[in-house]
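Here the structure comes first, spelled out in structure tokens, and everything after it is commentary.
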Amino acid sequence: MTDKSKRFPLSLSSLAEKSPRNGTRSEVGRTTSTTSGRVATPQTATLNASQHGKRPATPARVVDAPRKAGTTPVPADRPTPLASEAVRKAMVARVAKQGVKDSKVLAAMEAVQRHLFMEPALASQAYIDASLPIGYHQTISQPYIVARMIEVMRNNSNGGVLNHVLEIGTGCGYQAAVLSLVAKEVYSIERIKGLHELAKSNLRPMRVANIRLHYGDGMLGLPQAAPFDGIILAAAGLEVPQALLEQMTIGGRLVAPVGERHQVLQLIERVSKFEWKSSTLEDCHFVPLRPGTVT
Ligand code: SAH
């Protein structure tokens, strides 16, 4: 099932479209100016994240469930639907300029409303090319790297068809939502309970039928759903855990950041039952992969 409209019975964009259209000029102006105004870099975002600390599992945020027009005002720091669509298009154009060519990945990035995965206070920065804090000292990955990893995973010998995909590090659920548009089934594991709950509450109103969220240690993989023809790690370890290698299909592709201070994006392809081929793609910067769980 690759049809986007089937994936999102209430499509991600239609959800925002159903918000009351009572945004004022200043709200639109605020969105636009922040995009070109304050620029956060992955580094500043990581710093922000470390200062941001833990936040409540159920943040005080407006969930964009369908509601009667005119009953609930659009929060001042929430981009209006049209403004968010325009900045999302601009984000995708930037990602394409940075070298991502896969049109299916670019279309998925355009369909998912990244700002709905963030705290309202940060929503206006959602489309800049940076990782941003999501609480618990973690970050939502930068748009370019999300797109790049999925593009690499899709570049398989199966013409890009992905049946079972596993993501390690659900975070706020953004990348899982993008993955749900390019894979039949997406499994995503998060080790921090509060973030697992946050991803659930972010994704629930979007009614994505093909994402399964799990709370647990992703270093162990998900044997009950294996094998996977694609695995993405959203956190960097010193090496790729053996359990994940074992849970790949023959021909499957795993994309992971590897390293400590200096990290590189690694692609691992399973060639046969006992053989894996590894290649290094480019430098990157991710939060660390950690063992165990946090309640
Ligand atoms: N894909 C996410 C990125 C989140 S950042 C998004 O779109 O928002 C990486 C996440 O990996 C963090 O939430 C962190 O808690 C998680 N993580 C780190 N080690 C992990 C592990 N062993 N198992 C599962 N999740 C892990």
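Just to verify a result, which residue in the range 241-252, among those that are within 12 Å of the ligand (Cβ to nearest atom) and more than 21 Å from VAL161 (Cα to Cα), is surrounded by the fewest Cβ atoms within 10 Å (Cβ to Cβ)?
For the range 241-252, the residue satisfying everything is ALA243.
All but one of (1) within 14 Å of the ligand (Cβ to nearest atom); (2) free of Cβ contacts under 8 Å to residues at least 60 places away in the same chain hold for GLN224; which doesn't?
(1)
So that you can scan it fast, the table gives a plain yes or no per residue for (1) closer than 18 Å to ILE250 by Cα; (2) open to solvent by less than 10 Å² (accessible area, probe 1.4 Å); (3) within 10 Å of the ligand (Cβ to nearest atom); (4) without any contact (Cβ under 8 Å) to a residue 60 or more places away in the chain:
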position	(1), (2), (3), (4)
THR139	no, no, yes, no
ILE150	no, yes, no, no
GLY160	yes, yes, no, yes
CYS172	no, yes, yes, yes
ALA183	yes, yes, no, yes
LEU198	no, yes, yes, no
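Residues checked against (1) open to solvent by 40 Å² or more (accessible area, probe 1.4 Å); (2) assigned to a strand (DSSP E or B); (3) of a type in the set (D, E, K, R); (4) touching a His at 6+ places or on another chain (Cβ under 7 Å):
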{"site": "ALA177", "(1), (2), (3), (4)": "no, no, no, no"}
{"site": "VAL186", "(1), (2), (3), (4)": "no, yes, no, no"}
{"site": "SER201", "(1), (2), (3), (4)": "no, no, no, no"}
{"site": "MET219", "(1), (2), (3), (4)": "yes, no, no, no"}
{"site": "GLY230", "(1), (2), (3), (4)": "no, yes, no, no"}
{"site": "LEU254", "(1), (2), (3), (4)": "no, yes, no, no"}
{"site": "LEU267", "(1), (2), (3), (4)": "no, yes, no, no"}
{"site": "VAL271", "(1), (2), (3), (4)": "yes, yes, no, no"}
{"site": "LYS277", "(1), (2), (3), (4)": "yes, yes, yes, no"}
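For ARG207, only one of the following conditions fails: (1) modelled with pLDDT of 95 or more; (2) open to solvent by 10 Å² or more (accessible area, probe 1.4 Å); (3) within 20 Å of GLU110 (Cβ to Cβ); (4) more than 14 Å from the ligand (Cβ to nearest atom). What is its number?
(1)
The values are calculated or read from the model by the stated rules, or taken from the named source; none is laboratory data. Worth saying up front: this structure is predicted, and the values here are computed from it rather than measured. Ideal geometry is used to build each Cβ from the backbone, glycine not excepted, and the neighbour counts take in all protein chains shown. Surface areas here come from the heavy atoms of the whole protein model, side chains and all, with no ligands, DNA or RNA. Shrake-Rupley method; radii C 1.70, N 1.55, O 1.52, S 1.80 Å.
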